[in-house]
1. Out of the DSSP beta bridges found with both residues in chain B, what percent are antiparallel (nearest 5)?
2. Could you give the distance between the Cα centres of segment B:23-90 and segment A:90-114, to the whole Å?
3. Of the residues A:41, A:103, A:68, which exhibits the maximal mean-square fluctuation in a Gaussian network model of chain A defined by a 10 Å Cα contact cut-off?
4. What is the average number of partner chain Cβ atoms found within 10 Å of a Cβ in A:95-106?
5. Modelled label-to-label distance, residue A:27 and residue B:77, 7 Å Cα→beta-carbon offset: nm?
6. Given springs between every Cα pair under 10 Å in a Gaussian network model of chain B, which of B:56, B:34, B:83 has the largest fluctuation?
7. Using a Gaussian network model on chain A with a 10 Å cutoff between Cα atoms, which of A:26, A:12, A:46 fluctuates the most?
8. Quick one: length gained pulling residue A:75 to residue A:2 fully straight, 0.36 nm per residue minus the C-alpha distance?
């Protein structure tokens, strides 16, 4: 079975631009979460979606938005990019959004903002 | 929001047993403790999860004392490929499956 897939693997943008990151969950998983990992730190929670509805949001500005599609894939959008948005963006899928559900992470998208 | 504390780094040698302890003083009565492993340039990978006493799987063991204020991840007979960052994930916030990562413990296994 395929694991969580993310695209693109690497991305270079300049300040002020917009970026869209994509994630395909494991087949049968209905929940997708997004995390940001800055170099040297642990991942920080951004969003969780379940059955196309937002179930949770982390402490990130409104420049960050996401959505989940009927096939459970998801997009993370970041507007007006800042240098500080440079990070590894991780997508994780789980069967449901319930507490304790094991989350399976993708390889991430490395975003560099110049 | 409860916080977890674990050592920043540890060193070991191949074949040794490694124990990484995490403190989580304010864990809620219905929360699990979960450990993840992360290799460079990869997403974290679930290792083990427990609620109390001892849990063992093919990769590791997790020891949680009765007061549940700490937990210890035990890796038997480590190899070079166990060099990674290990995260003890604190109590979940809210009713959904949000993972709260700290800085983790960087384990370096030497030949």
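Every read-out reported here was derived from the displayed coordinates using simple, explicitly stated rules and does not represent laboratory data. Since the model is a prediction, treat every value here as computed from it, not as a measurement. Neighbour counts run over all protein chains shown; Cβ positions are idealised from the backbone, glycine included.
1. Antiparallel bridges: around 85 percent, rounded to the nearest 5.
2. 18 Å
3. A:41
4. Counting Cβ atoms of other protein chains within 10 Å of each residue's Cβ and averaging gives 5.
5. Between residue A:27 and residue B:77, the label points sit 3.6 nm apart.
6. B:56
7. Sorting by GNM fluctuation, first place goes to A:12.
8. 24.4 nm
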